[in-house]
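No lab work stands behind these numbers, since they all come straight from the coordinates. Note that the coordinates shown come from a computational prediction; the quantities given were computed from them, not determined experimentally. Please note: Cβ atoms are built from the backbone with ideal geometry, for glycine as well, and neighbour counts cover all protein chains shown.
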Amino acid sequence: RQRAGTRPQRLCQLLADAAARGTALDEDQLDDLMDDWRSAARSLAKRGLVERVAQVHVAPVPMLGAGPVPNAEQADAVAAITGSTGFGTFLLDGVTGSGKTEVYLQAIAACLARGRQALVLVPEIGLTPQTLARFRTRLGIPVHVLHSGLNDNERARVWAAATRGEAQVIVGTRSAVFTPLPNAGLIVVDEEHDGSYKQQDGIRYHARDFALVRAKALDIPVVLGSATPSLESLHNARSGRYVHLRLKQRAGEARPPRVRVLDVRKRPLRDGLSPEVLEGIAEHLQRGHQVLVFKNRRGYAPVLLCHDCGWTAPCRRCDAPMTVHAGGRRLQCHHCGARQPAPLACPDCGSLALQPQGIGTERLEEHLVEAFADYPVIRIDRGTTNRRDALESQLARLGDQPGILVGTQILAKGHDLPRLTLVVVVGIDEGLFSADFRASEKLAQQLIQVAGRAGRATDPGEVWLQTHHPGHPLLETLVHGGYHAFADAELQQRDAAGFPPFAHLALLRAEAQQVEHANAMLTAVRGLIAEDAPVERFGPMPAPMPRRAGYQRTQLLLSAPKRQPLHAVLDAMVPRIHGLPEARKVRWSLDVDPTDLY
């Protein structure tokens, strides 16, 4: 007999009670009822008192719950996807609020009706709770989730359920693309343009591209959805490689938000906000609505500056200034993670005139809390959402009451906030003059996505863009022509410059304590490429951030108009790199189709 009160005793009692009811307890139920039941189960199993049996799983019959009646565009998109046999790629190109999720749900329901599995990829963990709740309500079956916030046991259970075919719908972030699907029927990639799908370290891959590879191998359709498709996907759709499905109008009674460009030149700004913006926020709050103030820079301020001598707080390990946090009391490097307290006086001249320069979400939050003390102000950035389910709880704090959200790009992706009627975008100018050839595309996508959070229900929405460059061509094109007008112009420039999608790139990176070692390694690699090889070579050259986390960084860029000759060069070159003496002195990596040339 087991001593009363021990874990084996309590487990015996739980199992006996279940047996008396004529039922058995599965692992998920035991997890809810008792901590560390597995060690107790092993102890009882050694004594022959319990046994573990595989349950026969009976898949619940999916029943698509009542939802909005699809409009003609949505119905055509659903018909095209569900009518597909075998592999095919569909680009679901719909404006924000056009009901792309409804198309996903109906396509998934048709997939389940055939007894097949569906995999849905989302770019951020924060999107999974809202997506899960909607999917579970409408489909009427368990929806499993996979993301980095799960522990190993939770991830293993979902993986095992998918392997057995029990998990009929799996929603997950980037790594979920590797989930086993023995009865695969459909893959959906939501917000396919998002940079979060790219794995930037370790084994580099793009989840969207790998989803296409898996769908082709499994001979099933794949749906890529976005209000701002990547230029690569848009080019593939226009050239006929993908089926282009357009949703040009918002679903239901919602209307596109009205966009206003605010010229803040020579205007007084208080912590980055103009008087017109503060008045507009007050007006919307008084009507009982919600406001989003968007600034894609977390922290209090980007730089700590000495007003007397011009000193800025540098990171000792990176070629970048440290960001000011905690109201000016702490400095943190957003590249290597180094932290230190802010100095009381300038290390160079001893002056006390140290001032935070620039605006971050913490500084905006501080000002808005003071200016609108009667309303809740919720900050949404990596600092406030790094715990499990933190984003969901933060949004729940606001609920449907009037208030202000201050956030970064986390809030620009897919969230449905029906009471939100005003979006204020603060400080977009830094994205207008970047050296990265993808910067214009990223900024345009970001602006369109964050603007799409406004006016998604019956109340009309407004979007205000603060800028010192109101006549910039990118803003003019977006405001007057929309994303597709921008994409047309940008694709013409990419074609003329020989950039993707009209060229294919591979980036070889090298890092070493001494820059000479990194350059020597890449020079040796360049020598492995035949002079008549049909690829262009650029470098070795310093990376845009030459020093990061104490390592000197250089890179070699390869470009070819066709993918096949580029891969032929890489296939011949990579095995020989491992034999180079110079390669033993550096850390190096190869990134095919890089999204960031950092």
Would the stretch 488-584 count as rounded, prolate or oblate if I go by the C-alpha gyration tensor, calling it rounded below 1.5 in a/c and otherwise prolate when a/b exceeds b/c, oblate otherwise? oblate
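Classify the stretch 7-46 as rounded, prolate or oblate, taking a ≥ b ≥ c as the square roots of the eigenvalues of its Cα gyration tensor: rounded when a/c is under 1.5, otherwise prolate if a/b is larger than b/c and oblate if not. Could the numbers behind the result be given before it?
On the way: a/c = 1.86, a/b = 1.31, b/c = 1.42.
It comes out oblate by the Cα gyration axes.
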List the residues of the stretch 555-598 whose backbone N lies under 13 Å from a point placed 7 Å from the Cα of residue 526 along the Cα-to-Cβ direction. 555-559
What does the highest-first list of 269-276, 462-469 look like by mean Cβ count within 10 Å? 462-469, 269-276
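Can you tell me, using C-alpha contacts under 8 Å and at least 6 residues apart, the relative contact order of the chain as a whole percent?
That works out to 12 percent.
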For labels at residue 153 and residue 439 in the simple 7 Å Cα→Cβ model, what's the distance in nm? 4.9 nm
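Checking the a/c ratio against 1.5 first, then a/b against b/c, what shape does the Cα gyration tensor give for the stretch 390-505?
Working: a/c = 2.32, a/b = 1.98, b/c = 1.17.
Prolate is the answer for the stretch 390-505, as a/c is 1.5 or above and a/b outweighs b/c.
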Give the distance, in whole Å, between the Cα centre of the stretch 150-212 and the Cα centre of the stretch 301-334. 38 Å
Using all C-alpha to C-alpha distances in the chain, build P(r) with 10 Å bins and read off the rounded percent in each one. 3, 14, 22, 24, 20, 12, 5, 1, 0
I'd like to compare 444-454, 335-345: which one has the highest average count of other Cβ atoms within 10 Å, and what's the full order after that? 444-454, 335-345
If each part is reduced to its alpha-carbon centroid, the stretch 531-558 and the stretch 278-295 end up apart, in Å, by 46 Å
Just to confirm my understanding: which cysteines in the chain have no other cysteine beta carbon less than 4.7 Å from their beta carbon? 12, 111, 336
Would you mind checking which residues have amide H under 5 Å from residue 305's amide H? H placed 1.01 Å from N; only 5 or more apart, or other chain. 355, 357
What distance in nm lies between label points placed 7 Å from Cα along the C-beta direction at residue 416 and residue 541? 4.6 nm
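Let me spell out the model: positive unit charges on the Cβ of Lys and Arg, negative unit charges on the Cβ of Asp and Glu, origin at the Cα centre of the stretch 504-592. What dipole size does that give, in debye rounded to 20? Provide the component values of the computation, followed by the final result.
Working: 12 positive and 8 negative charges, 63 e Å.
I would put it at about 300 debye.
Mind ordering 222-230, 323-331 by average Cβ neighbours within 10 Å, highest first?
So the order, starting with the most tightly packed, is 222-230, 323-331.
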I'd like to know how the stretch 376-435 sits against the 2.2 N^0.38 Å rule of thumb: what's its Cα Rg over that expected value? 1.26
